[in-house]
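Participant: Pasting a structure here, questions to come.
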Amino acid sequence: MSGIASNPAAPPRYLRHVPPRPRSEAKRSRIVEVAMQHFAEQGYHAARVGDIAATLGIAKGSVFQHFGSKDGLFFEVYKKAVRSFPQYLDAPEEVRAAGVFEVLRYWLVRTEHMLHEDWIPYRIALLGNYGTDLVLKREINRFLISEDPYGTVALVRFGLERRELRKDVDADMIVSILDWTMERFQDALLTAELDPGLFRRQGEMPEKKEARIQQFLAVLQRAIGVELTSRAARPEVRADKRI
């Protein structure tokens, strides 16, 4: 799916998936729900499994029995958080009709709105991307590559079918470029409120953020798009040059 080669080594034992027995599924789900709140509020390193267990009224060993470790628990929390996000092609029909770059614009503009609607999964995603160790981060990357929770592959196919994306660039490479750049740019838009200081820019005026979104999309379109496929994109690119 992606141009990033995954590590062929098997995942650590505590991260290997063991199908839960039906009677334990409800308990696992409850642990994940409470843990998500704790990780979001405390951060990955400060969150304590003992505190999570105490909130649930269960023994700490019961949490380890279900998830193996704190890393194993956070990995399940991260997957639940990311799976709750809409996929690219969940954009309204009129946005999809305007093309792949309008779909990207739609989600970038809505990034902060979705944050205010439910900040917890976005906080968890940021922790997974920047606040975990390399072993856990590798497993997060495996998950993102294998499951494609944001629907990037479907978006690239959509763009290729509409002849908006370059066919002289490998499709897997386009998927990787979108995953890398969109994740980083959206994180930069979010961290002014969630983690001030993590990125260089913070506290920008709405007009400045909109200008940055336009500039980002103009650069992205020049990199992977068929040249000026949308007439509507022309004045925006010219306007960006005056900023």
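Participant: Mind listing whichever residues of the range 57-90 are aromatic (Phe, Trp, Tyr) and either assigned to a loop (DSSP other than H, G, I, E, B) or farther than 21 Å from Arg123 by Cβ (or both)?
Facilitator: Within the range 57-90, Phe64, Phe85, Tyr88 meet the criteria.
Participant: Among what's in the range 160-183 and is touching a residue at least 40 places away in the same chain (Cβ under 8 Å), surrounded by fewer than 16 Cβ atoms within 10 Å (Cβ to Cβ) and basic (Lys, Arg), pick the residue that is nearest to Tyr88 (Cα to Cα).
Facilitator: Arg162
Participant: List, please: which pairs have Cβ atoms under 9 Å, are six or more places apart or on different chains, and start with a residue in the range 40-55 that is in contact (Cβ under 8 Å) with a residue 40 or more places away in the chain and over 16 Å from Asp133 (Cα atoms) and end with one that is of a type in the set (Phe, Trp, Tyr) and surrounded by fewer than 19 Cβ atoms within 10 Å (Cβ to Cβ)?
Facilitator: From residues that are in contact (Cβ under 8 Å) with a residue 40 or more places away in the chain and over 16 Å from Asp133 (Cα atoms), the pairs are Ala40/Trp119.
Participant: Kindly evaluate Phe158 against the criterion of being of a type in the set (Phe, Trp, Tyr) and modelled with pLDDT of 95 or more.
Facilitator: The answer is yes for Phe158.
Participant: Continuing with the same structure: Could you grab me the full set of residues in the range 91-131 that are closer than 28 Å to Arg222 by Cβ and assigned to a loop (DSSP other than H, G, I, E, B)?
Facilitator: Ala91, Pro92, Ala98, Gly99
Participant: Within the range 189-224, track down each residue that is in a helix (DSSP H, G or I), of a type outside the set (S, T, N, Q) and modelled with pLDDT under 80.
Facilitator: Leu189, Leu190, Ala192, Glu193, Leu194, Pro206, Glu207
Participant: Name the single residue, out of those in the range 114-155 being of a type in the set (Val, Ile, Thr) and surrounded by 18 or more Cβ atoms within 10 Å (Cβ to Cβ), that is modelled with the lowest pLDDT.
Facilitator: So the residue we want is Thr132.
Participant: Next question, about the same structure. Only one of Val103, Val109 is modelled with pLDDT of 95 or more, touching a helix residue (DSSP H, G or I) at 6+ places or on another chain (Cβ under 9 Å), outside the structural domain of Met36 (by TED's automatic domain parsing) and β-branched (Val, Ile, Thr). Can you tell me which?
Facilitator: Step by step, each of Val103, Val109 is checked, and only Val103 is modelled with pLDDT of 95 or more, touching a helix residue (DSSP H, G or I) at 6+ places or on another chain (Cβ under 9 Å), outside the structural domain of Met36 (by TED's automatic domain parsing) and β-branched (Val, Ile, Thr).
Participant: Out of Gly43, Gly3, which single residue is modelled with pLDDT under 90, surrounded by 12 or more Cβ atoms within 10 Å (Cβ to Cβ) and either aliphatic (A, V, I, L, M) or within 20 Å of the chain's Cα centre (by Cα) (or both)?
Facilitator: Gly3
The values are calculated or read from the model by the stated rules, or taken from the named source; none is laboratory data. In this text the structure is predicted, and so the values were computed from the model without any measurement. Don't worry about glycine lacking a Cβ; one is built from the backbone with ideal geometry, like all the others, and counts go over all protein chains shown.
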